[in-house]
Amino acid sequence: RDFCLSRGLGDVYKRQLMLATQEFYNGTQCHKLSTSNPYYLQCGDPTGTGTGDAGYSFPAESGNKGTFKAGTVAMAPSNQNRNGSQFFIIWKDSQMKGTYTVIGSVAPESMPVITRIGKQGTQPKSKKPAADTSISVVTMG
């Protein structure tokens with residue numbers, strides 16, 4: 001199990017569970033890496049461009065702000081303050097500006113991989129990670 005979603009999230013949990021069950025994320029690439037505070041890897045876009053989604057969106061729920069610990073997984077809302085399929089993983093403790101719905105955390109044994117991706121940085125003149133970030137399968141426990 002690479003990351004665990006929080007079951008107490010209602011609609012967000014149900015939607016993410018549905019996408020994982022439908023293998024929506026399988027074979028997708030994480031498309032954005034931030035190498036300065038906040039430190040995150042953004043995933044969940046089937047096109048790999050940052051503009052794709054699951055074909056629907058829903059209002060962003062009230063969330064958390066402040067310091068997010070490494071391993072935190074949260075929804076990545078669009079500019080219209082709506083959630084869809086995109087999420088981000090904090091790879092180094094970060095101070096977050098704004099409010100985000102935390103949906104779970106990366107399993108401790110998987111954090112070295114996430115940290116290594118973050119430390120490898122981005123492709124030249126891009127925000128795409130330099131490392132291969134393809135998601136083979138998402139499982140939820």
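The values are calculated or read from the model by the stated rules, or taken from the named source; none is laboratory data. Since the structure is predicted, the reported quantities are computational estimates derived from the model, not experimental observations. Counting neighbours? That spans all protein chains shown, and the Cβs are built from the backbone with ideal geometry, glycine included. The protein model used for the area step is the full one, side chains on, heavy atoms only, and it has no ligands, DNA or RNA in it. Shrake-Rupley method; radii C 1.70, N 1.55, O 1.52, S 1.80 Å.
Averaging Cα coordinates gives a centre for the stretch 37-74 and one for the stretch 110-129; these two points are 16 Å apart.
For the stretch 1-125, the Cα gyration tensor yields ellipsoid semi-axes of 20, 17, 15 Å (square root of five times each eigenvalue, largest first, whole Å). Scaled to the globular estimate 2.2 N^0.38 Å, the Cα spread of the stretch 32-87, given as radius of gyration, is 1.15. Surface composition of the stretch 12-141: carbon and sulfur make up 50 percent of the accessible area, probe 1.4 Å.
Taking all Cα pairs closer than 8 Å and separated by 6 or more residues, the relative contact order of the chain comes to 34 percent. Normalised per residue, the accessible area of the stretch 1-138 is 53 Å², obtained with a 1.4 Å probe and no contribution from ligands, DNA or RNA. Net charge dipole, the chain: roughly 400 debye, given to the nearest 20, about the Cα centre with Cβ charges of +1 for Lys and Arg and -1 for Asp and Glu. Give me the count of lysine pairs in the chain whose alpha carbons sit under 21 angstrom apart, restricted to pairs 8 or more positions apart or on different chains. Value for the chain: 19.
Between Q22 and S78, the C-beta separation translates, for a Förster distance of 25 Å, into a calculated FRET efficiency of about 0.75. Estimated from the Cβ-Cβ distance and a Förster radius of 25 angstrom, the FRET efficiency linking I135 and K14 is about 0.80. Protection proxy ranking for 117-128, 20-31, using the average of other Cβ atoms within 10 Å per residue and placing the highest first: 20-31, 117-128.
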